[in-house]
Amino acid sequence: MSGIDVIPILRIGELLLVTIQVDMHDRMAMQLQEDLTDRIVETNAKGVLIDISALEVVDSFIGRMLANITSMSRILDAETVVVGMRPAVAITLVELGLELPGVRTALDVDRGIELLGGPALGRPKR
Amino acid sequence: MANSALLDVIEQHESEILDEWTALQQRSKSSATGMIGAEQRRRESADFLRHVVTGLQKDSGDGIEAPAWDSARDLLGDLSRSRARQGFTPSETAMFVLSLKQPLFDRLSSSLKDAPTLARELWDASRLLDGLGLYTTEVHQKGREDVIRRQQQELLELSTPVIRLWDGILAVPLIGTLDSARTQVVMESLLSQIVTTGASIAVIDITGVPTVDTLVAQHLLKTVSAARLMGADCIISGIRPQIAQTIVHLGVDLGDVTTKASLAEAFRHALAIKGLHVQADGRE
């Protein structure tokens, strides 16, 4: 598997930040779900931020993946927030009837951290 | 060359035809006759007649769509557009061209003695003027349609303002019925304002929406969902008692959307979410 196929997962304190910057395909999505669940357990993370501000197209596949990741993280006791959705993407998703029920959202990473329990959680652990 | 007799007749009797034609137009009993002065009428008529001559000289018999008639069509187009704006009816505009028939036919029948030739020439002239007359009607109608389209666009833009109530609190006062096109505009302007102002709460006020049926409710919920995907909470306010009853009777499910009776209530609720409250300063 080449490097570009792996989506990096960054740790900020008790939070994990996933920035999706390229169009995803099945294998990448499966890999991300695997990596993320591993990392949540490994780091004992309390929250997951998925930044999709770089995505211009979000289809039903990505939508389902976001919902899956949210459910998986919740089972592992980590809250997920999807941040940075573009207006055009939001309108398209609503028109498609994909309203992502159960997925929490925020305008940007800052707001997402706030939503997940304030900057205290985002601060590095001492 | 087609219509050569017609061309001869116009060239020989141009000023007489013009006199009779303008007199005819002046006499016609239409409400709009007074809107154009006799001088302007004569100038326009003379211009048009000259362009008809030019057209006839270059005419190849392909009808008025041919390049030979470009200048005549342009003139007529400008004329009908300006008359459409002044409030002329389509038939009044078309009569400008069609009333030219009488003086032309008079001249043709006095100059051509041979019956079959006269009939053919009359037919050609009639076809030409009918074509030009229909063209004015078409342009006239198009002019009015343009006005309607522009007004629709302006109405759309006017009716969907997004207002900043407080830091992070937006309001969208909706006025008039919501259809798909308007929902689209409302959604786009609301979402782009959410991005620009970084707002986390949006109040959608439907005081000005006359009726809420299943379709309107669906459009409202779409807007709420789109705002939620961007991370903003929506409050629907301004729900009148009758509308509350209709919503329940129709079985519309507003889901977990917060609803308030008035914009004031919604604003108070929004401030409370942000941890703010309004207090009197005790000075009365």
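The values are calculated or read from the model by the stated rules, or taken from the named source; none is laboratory data. Because the structure is a prediction, the values reported are computed rather than measured. Note: ideal-geometry Cβ built from the backbone for every residue, glycine included; neighbour counts use all protein chains shown. Accessible surface is based on the protein model in full, side chains and every heavy atom, while ligands, DNA and RNA are left aside. Shrake-Rupley method; radii C 1.70, N 1.55, O 1.52, S 1.80 Å.
From the Cα gyration tensor of the protein assembly as shown, with a ≥ b ≥ c the square roots of its eigenvalues, which class applies: rounded if a/c is under 1.5, or else prolate if a/b is larger than b/c, or else oblate? Prolate. Accessible surface calculations at 1.4 Å, restricted to protein heavy atoms, place chain A at 51 Å² per residue. A cut-off under 14 angstrom between Cβ atoms defines the neighbours of A:Met30, and their net charge, with Lys, Arg +1 and Asp, Glu -1, is -3. Other residues whose C-beta falls under 11 angstrom from the C-beta of B:Thr160 contribute a net charge of -1, scoring Lys and Arg +1 and Asp and Glu -1. What the Kirkwood sum gives for region B:4-152 is a hydrodynamic radius of 15.9 Å, with every pair of different alpha carbons counted. Put the Cα centre of region A:43-59 next to the Cα centre of region B:219-284 and the gap is 29 Å. So how tilted is helix A:26-43 from the main axis of chain A? Cα-based, degrees 0 to 90, rounded to 10. So the helix axis and the longest Cα principal axis differ by about 20 degrees. Burial of accessible area (probe 1.4 Å, heavy atoms of protein chains only) in region B:177-224, relative to its chain alone, reaches at least 50 Å² for B:Lys222. Per residue, the accessible area of region B:4-152 comes to 53 Å², computed with a 1.4 Å probe over protein heavy atoms only. In region A:75-110, the residues whose accessible area drops by at least 50 square angstrom when the other protein chains are added to the isolated chain are A:Pro87, A:Ile91, A:Val94, A:Glu95, A:Glu99, A:Thr105, A:Leu107; the probe is 1.4 Å and only protein heavy atoms count. Taking Lys and Arg as +1 and Asp and Glu as -1, the other residues whose beta-carbon sits under 12 Å from that of B:Gly198 total -2. Mean separation of Cα pairs under 8 Å and 6 or more residues apart, divided by the residue count, gives chain B a relative contact order of 13 percent.
For the protein assembly as shown, with all protein chains in place and a probe radius of 1.4 Å, 54% of the accessible heavy-atom surface sits on carbon or sulfur.
If one takes the accessible area of chain B alone plus chain A alone and subtracts that of the pair, with a 1.4 Å probe, what total in Å², rounded to the nearest 100, results? What B and A bury together is about 1400 Å².
For region B:101-247, the relative contact order is 19 percent, taking Cα pairs closer than 8 Å that sit 6 or more residues apart in sequence and dividing their mean separation by the residue count. Both numbers refer to the Cα atoms of chain B; Rg and Dmax are 31.8, 104 Å.
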